[in-house]
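Asks: Attaching a single structure in structure tokens format; questions to follow.
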Amino acid sequence: MHCMNRRKFVKSAAITIAGLSVPNFIDSLVSDLGAAERIDLAVARGASPSKITRAAVDAMGGMKKFVSRGDIVVVKPNMAWDRTPEQAGNTNPEVVAEVVKMCFEAGAKKVKVFDRTVNDPRRCYVQSGISDAVKALGADISYVDERKFKEMNVKGEAMKTWPLYTELFEADKVINIPIAKHHSLATLTMSMKNWMGVMGGSRRQIHQRLDESLVDLSGFIKPTLTILDAVRILTANGPQGGNLADVKKLDTVIAGVDQVAVDSLGATLFGMKGSDLGYVKMADKRGLGTMDIAKLKIKKVNI
Amino acid sequence: MQNLRRTSQGIFLLLFLFLFIQTESKGRDALGYPAKIFLDFDPLIFITTIFSAHAVQKAFYFSLITIAITLIFGRAFCGWVCPLGTLNNIVGAMKKGRPKTEDRNLYRVKYYVLIFLIISSLFSLQLAGIVDPLSLLIRSLSVSVYPLFSYGIRAVFDAIYSADIKGVTALSESVYSILKKSVLSFQQPFYNQSLFIGALFFLILGLNLVEKRFWCKYLCPLGALLGILSRFSIFKRSVSEGCTSCGACANVCQGNASPDKKEEWRDTECYYCWNCDDVCPQNAVSFGFSGKKAAASMDLGRRRVITSMASGVIAVPLLRATPLSKSEFINQRLIRPPGSLEEKEFLKRCVKCGECMKVCITNGLQPTLLEAGLEGIWSPLLIPKIGYCEFRCTLCGQVCPTGAIKKLNLEEKAKVKIGLAMIDKGRCLPYAHARPCIVCEEVCPTPKKAIWFEKAKVKDRNGKEFIVQQPRVDLELCIGCGICEAKCPVVDKPAIYVTSIGESRSKENRLLMEGY
């Protein structure tokens, strides 16, 4: 993560210096980096999960903007449940596969995929369809190794320290790919709540102060990119579902760097607002991101 | 011949161990390997199950092949196939010195065991699995030896990992990952009674140091059954005129078959290991097809036979005259695997082989001690705190050899109740302590959740009012899988727990008025 920040800093410093010293080159340089216009969120709609995933990332400036040659990338889907893709309990496998593919295209050296599951990990990885989908692309999909959780200083309001998965913090880039679902305490679970999948220890305790904990955790992790899978959303009996009547097909993917903004826009898919979610409101207040989507530049793509 | 036999033994042992290791979920709905196939070929379980339950799984007709082979070749199964026999051979190899050649009449004991088992099974008591060598071996490996092996290996690699020795740890980790993909279990298994069941198993192996293949010669009821069948076999041993009675054969005989006594050779005790043929300096021993019956008669002693038959009969009321036989006296902790037959029928079939415990994806299936009475010792029960029943997993029914646990498809499985969850309001956080917690509801796997919330206005000690969601169990939807109990944050004594009440298989242990 530090690596990412440093690289980002170097890159932006270089641009600034280049821009100041050689004004004529500014335009070409900036458009090369895909930052011609500032886009906060991209929303892609269409029948093909892989195509809309690619379209959303392209709209954000393309994967090359986020992943550099030689990077080790962690792609973190939600695959916590022993459910099949049509039940919408886990991130859509086609979405995950497309993200993995784009990471490799951008030059990633290694793409790691994992989740600390709730149901049996073997069933979750296989039944979600994610294991088969990303293995074929050459990603490292591995079960969580309990030895690799290290107590970390989250220094949050509710969460002071917690054992978190070291592989996430050793990676150059982190891409969060949650699915949008109903949850009885968080109301909705999307990107910020997906970080529970890198928590070790007895994470069931955090429900006593869930909103604070999620904001603490999200502030500590800060992903490179967030891609919210709303190909199918789960509207009730979440977060694992099981009843197809609760699943709504939206054929949508949202991408963004600001995870608070992603979750805030995600809430609208359920007919809610970001301010209906305690953790989004709290995260906005703490300056982790922007809840007010009216203030954001959102690019919509239909394919 | 010895090499050929050892090769055969090795192949069958490796096949057995391979299938044993494959008796584990890979995340798909079906196992992909015929994990229980050795048991399918076991005629002792076949016969006793027919007697006790008057029904048998189709796969057991494979055991007719074993019977047919024995009717042709005698007890070759013991010498060439049986994995426990091979293990006994291996351990027996550590015993040095000449075997006792004097006749031990102890060999009759296994026939008394067999008679006891057959007679008691005729009266519906299925105890064969306790001492059947294949069942015993699978159970001992599942519950004791394999967890021990796994624990030891993991401890070593974990120690190297945490010591983080330069160069060494990287190497050990790559070896470890190979082991994890091949011989190690997915997660460390833990079982109740692993020490007890393991001790019995190591005792059996240890008896080889008293006498090689002690178990096979004196105790094994499957050996006894095959021994009786081999009376009728057409493949016999003969000794030619050239025999000088040097006694070399008696020293190498694995089965106590008195090979040195020529005409008094006991076909029922011979494993057809061919050692006597191999070792004979005169080359006087040969095996071949002949209609000739062996001369040694099989004298078990009428009184002893009657005694063992009588014990088989008496065992039935002796084991069943317990309060557990009263229909109202139900053990709340006896949560049987999904698809288990009604308790009486279940006990008639379960052979305590431990396949279901080995395959259980959460390690929740554990061997009983006395929860199901002495009759049901080592049969499976679910302990949700150790591991819950995974909603979409049907593996236990897939590996059960006798149909004590029915094979269910996913739709059937989703409807089977193995118990019901109840909430302990004195410990549940939203009830007793006005703290939010929704874990039981979150993990509840039924499509429409069996746990729902009632919003309640509560006060903290400062009088501040707020609303918490208090969980309630929908008894019609709850299937008793126990994931709520397993994941409850009140870990030591969960605030929600499952007992056997409401299990679909029982008419007595019901709760709701309406049928389901």
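Asks: Of a type in the set (Phe, Trp, Tyr) and over 23 Å from the mean Cα position of the chain (by Cα): is that true of B:Tyr218 in this structure? If you could, list the steps in order and put the result at the bottom.
Replies: Working: of a type in the set (Phe, Trp, Tyr): yes; over 23 Å from the mean Cα position of the chain (by Cα): no.
Answer is no for this residue.
Asks: Next up: Tell me, which residue of segment B:47-85 that is in contact with a Gly (Cβ under 9 Å, 6 or more places away or on another chain) and farther than 26 Å from B:Gln2 by Cβ is surrounded by the fewest Cβ atoms within 10 Å (Cβ to Cβ)?
Replies: In this case the residue turns out to be B:Ala55.
Asks: Here are some conditions: (1) of a type in the set (A, V, I, L, M, F, W, C); (2) in contact with a Ser or Thr (Cβ under 9 Å, 6 or more places away or on another chain); (3) surrounded by fewer than 17 Cβ atoms within 10 Å (Cβ to Cβ). B:Cys481 meets all but one. Which one does it not meet?
Replies: (3)
Asks: Hey, among B:Tyr33, B:Tyr61, which residue is under 19 Å from B:Leu222 (Cα atoms) and of a type outside the set (A, V, I, L, M, F, W, C)? Working first, answer last.
Replies: Details: B:Tyr33 fails: under 19 Å from B:Leu222 (Cα atoms).
Just one listed residue meets the conditions, B:Tyr61.
Asks: Within segment A:79-150, which helices (runs of 4 or more DSSP H) (wholly inside it) include 3 or more residues that are within 14 Å of chain B (Cβ to nearest Cβ), more than 21 Å from A:Ala245 (Cα to Cα) and touching a Pro at 6+ places or on another chain (Cβ under 9 Å)?
Replies: On the way: elements: A:93-105, A:121-127, A:130-135.
So the answer is A:130-135.
Asks: For segment A:217-236: of the residues being in contact with a Lys or Arg (Cβ under 8 Å, 6 or more places away or on another chain) and assigned to a helix (DSSP H, G or I), which is surrounded by the most Cβ atoms within 10 Å (Cβ to Cβ)?
Replies: The selected residue is A:Gly219.
Asks: Report yes if B:Gly426 is away from chain A (no Cβ under 14 Å) and over 25 Å from A:Trp81 (Cβ atoms), otherwise no. Lay out the reasoning, then the answer.
Replies: Numbers: away from chain A (no Cβ under 14 Å): yes; over 25 Å from A:Trp81 (Cβ atoms): yes.
The answer is yes for B:Gly426.
Asks: Which of the residues spanning segment B:317-347 are closer than 25 Å to B:Ser144 by Cα and charged (D, E, K, R)?
Replies: Those that are closer than 25 Å to B:Ser144 by Cα and charged (D, E, K, R): B:Arg333, B:Arg336.
Asks: Continuing with this model, one more query. Among the residues of segment B:287-313 satisfying the criterion of being among the basic types (Lys, Arg) and modelled with pLDDT of 80 or more, which is farthest from B:Lys236 (Cα to Cα)? Break it down into steps so the answer makes sense when it comes.
Replies: The first filter runs over segment B:287-313 and keeps only residues among the basic types (Lys, Arg), leaving B:292-293, B:302-304.
Within this subset, residues satisfying the condition of being modelled with pLDDT of 80 or more are B:302-304.
Working: B:Arg302: 27, B:Arg303: 30, B:Arg304: 28 Å.
Ranking the candidates gives B:Arg303 first.
Asks: Mind checking whether some residue in segment B:151-167 is more than 14 Å from chain A (Cβ to nearest Cβ), within 30 Å of B:Gly129 (Cα to Cα), within 19 Å of the chain's Cα centre (by Cα) and in a helix (DSSP H, G or I)?
Replies: no
Asks: Name every residue in segment B:1-58 that is charged (D, E, K, R) and within 14 Å of chain A (Cβ to nearest Cβ), in order of residue number. Spell out the reasoning first.
Replies: If we filter segment B:1-58 for residues that are charged (D, E, K, R), which is where we start, we get B:5-6, B:24, B:26, B:28-29, B:36, B:40, B:42, B:58.
B:Glu24, B:Lys26, B:Arg28, B:Asp29 - these are the residues of segment B:1-58 that are charged (D, E, K, R) and within 14 Å of chain A (Cβ to nearest Cβ).
Asks: May I pose another question? From B:Phe18, B:Phe38, grab the single residue that is surrounded by 16 or more Cβ atoms within 10 Å (Cβ to Cβ) and in the same structural domain as B:Cys270 (by TED's automatic domain parsing). Walk me through how you get there before you give the answer.
Replies: Values: B:Phe18 fails: surrounded by 16 or more Cβ atoms within 10 Å (Cβ to Cβ).
Going through B:Phe18, B:Phe38 in turn, the sole match is B:Phe38.
Asks: In segment B:387-423, which residue that is away from every other protein chain (no Cβ under 14 Å) and β-branched (Val, Ile, Thr) is farthest from the chain's Cα centre (by Cα)?
Replies: B:Ile423
Asks: Sort out which residues of segment A:190-210 are assigned to a helix (DSSP H, G or I) and more than 10 Å from chain B (Cβ to nearest Cβ), and write them in order of number.
Replies: Of all residues in segment A:190-210, those assigned to a helix (DSSP H, G or I) come to A:193-198, A:203-210.
Listed by number, the residues that qualify are A:Lys193, A:Asn194, A:Trp195, A:Met196, A:Gly197, A:Val198.
Asks: Let me ask you something else. Restricting to segment B:18-55, name every residue that is part of a helix (DSSP H, G or I) and aliphatic (A, V, I, L, M).
Replies: Keep residues of segment B:18-55 that are part of a helix (DSSP H, G or I), which gives B:18-22, B:37-40, B:43-53.
If the condition is that a residue be part of a helix (DSSP H, G or I) and aliphatic (A, V, I, L, M), then B:Leu19, B:Ile21, B:Ile37, B:Leu39, B:Leu44, B:Ile45, B:Ile47, B:Ile50, B:Ala53 are the ones that fit.
Residue by residue, here is whether (1) within 30 Å of A:Phe270 (Cβ to Cβ); (2) surrounded by 21 or more Cβ atoms within 10 Å (Cβ to Cβ); (3) in contact with a Ser or Thr (Cβ under 7 Å, 6 or more places away or on another chain) holds:
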residue	(1), (2), (3)
A:Tyr143	no, no, no
A:Lys148	no, no, yes
A:Ala171	no, yes, no
A:Asn176	yes, yes, yes
A:Met190	yes, yes, no
A:Asn194	yes, yes, no
A:Gly201	no, no, no
A:Glu212	yes, no, no
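Asks: Check segment B:329-341 and report whether any residue there is more than 24 Å from the chain's Cα centre (by Cα) and either loosely packed, with under 14 Cβ neighbours inside 10 Å or farther than 27 Å from B:Ser194 by Cα (or both).
Replies: In the first step, residues of segment B:329-341 are kept if they are more than 24 Å from the chain's Cα centre (by Cα); the result is B:329-330.
Still in the running and either loosely packed, with under 14 Cβ neighbours inside 10 Å or farther than 27 Å from B:Ser194 by Cα (or both): B:329.
Checking segment B:329-341: at least one residue is more than 24 Å from the chain's Cα centre (by Cα) and either loosely packed, with under 14 Cβ neighbours inside 10 Å or farther than 27 Å from B:Ser194 by Cα (or both).
Asks: Being within 29 Å of B:Leu14 (Cβ to Cβ), of a type in the set (D, E, K, R), part of a helix (DSSP H, G or I) and touching a helix residue (DSSP H, G or I) at 6+ places or on another chain (Cβ under 8 Å): is that true of B:Lys95 here? Steps first, please.
Replies: Numbers: within 29 Å of B:Leu14 (Cβ to Cβ): yes; of a type in the set (D, E, K, R): yes; part of a helix (DSSP H, G or I): no; touching a helix residue (DSSP H, G or I) at 6+ places or on another chain (Cβ under 8 Å): yes.
Considered against the rule, which asks whether it is within 29 Å of B:Leu14 (Cβ to Cβ), of a type in the set (D, E, K, R), part of a helix (DSSP H, G or I) and touching a helix residue (DSSP H, G or I) at 6+ places or on another chain (Cβ under 8 Å), B:Lys95 comes out as no.
Asks: Let me ask something else about it. Of all residues in segment B:342-364 being more than 14 Å from chain A (Cβ to nearest Cβ) and farther than 21 Å from B:Phe51 by Cα, which is nearest to the chain's Cα centre (by Cα)? Step through it out loud before you land on a result.
Replies: Of the residues in segment B:342-364, the ones more than 14 Å from chain A (Cβ to nearest Cβ) are B:342-358.
So of that shortlist, the ones also farther than 21 Å from B:Phe51 by Cα come out as B:354-358.
Details: B:Gly354: 3, B:Glu355: 5, B:Cys356: 8, B:Met357: 8, B:Lys358: 8 Å.
Within segment B:342-364, the match that is nearest to the chain's Cα centre (by Cα) is B:Gly354.
Asks: Starting from segment B:162-173, keep only residues that are loosely packed, with under 10 Cβ neighbours inside 10 Å and at pLDDT 90 or above, then list their pairs with residues that are in a helix (DSSP H, G or I) and among the acidic types (Asp, Glu) whose Cβ atoms are within a distance under 6 Å, requiring at least 6 positions of separation or different chains.
Replies: none
Asks: Would you check which residues across segment B:45-66 are over 20 Å from B:Leu137 (Cβ atoms), of a type in the set (A, V, I, L, M, F, W, C) and touching a helix residue (DSSP H, G or I) at 6+ places or on another chain (Cβ under 6 Å) and list them? Break it down into steps so the answer makes sense when it comes.
Replies: So in segment B:45-66, the residues over 20 Å from B:Leu137 (Cβ atoms) come out as B:50-56, B:58, B:61, B:64.
Now drop any that are not of a type in the set (A, V, I, L, M, F, W, C), which leaves B:50-51, B:53, B:55-56, B:64.
Result: B:Phe51, B:Ala53, B:Val56.
Asks: Sort out which residues of segment A:227-274 are within 14 Å of chain B (Cβ to nearest Cβ) and within 28 Å of A:Asp58 (Cβ to Cβ), and write them in order of number.
Replies: To start, the set of residues in segment A:227-274 that are within 14 Å of chain B (Cβ to nearest Cβ) comprises A:234-247.
Of everything in segment A:227-274, those that are within 14 Å of chain B (Cβ to nearest Cβ) and within 28 Å of A:Asp58 (Cβ to Cβ) turn out to be A:Leu234, A:Val247.
Asks: Just the residues that are modelled with pLDDT of 90 or more and of a type outside the set (Ser, Thr, Tyr), please, taken from segment B:255-281.
Replies: Residues of segment B:255-281 that are modelled with pLDDT of 90 or more, as a first pass: B:268-281.
The answer is B:Glu269, B:Cys270, B:Cys273, B:Trp274, B:Asn275, B:Cys276, B:Asp277, B:Asp278, B:Val279, B:Cys280, B:Pro281.
Asks: Considering only residues that are within 13 Å of another protein chain (Cβ to nearest Cβ) and out of contact with any strand residue (DSSP E or B) (no Cβ under 7 Å at 6 or more places or on another chain), which ones fall in segment A:151-178?
Replies: Initial filter on segment A:151-178 (within 13 Å of another protein chain (Cβ to nearest Cβ)): A:158, A:166.
Within segment A:151-178, just A:Ala158 meets the criteria.
Asks: Look at segment B:476-490 and say how many of its residues are under 24 Å from A:Gln208 (Cα atoms), in contact (Cβ under 8 Å) with a residue 60 or more places away in the chain and touching a strand residue (DSSP E or B) at 6+ places or on another chain (Cβ under 8 Å).
Replies: Adding up the residues that qualify gives 3.
The values are calculated or read from the model by the stated rules, or taken from the named source; none is laboratory data. Nothing here was measured: the structure is a model prediction, and the numbers come from that model. Glycine also receives a Cβ, built like all others from the backbone with ideal geometry; neighbour counts cover every protein chain displayed.
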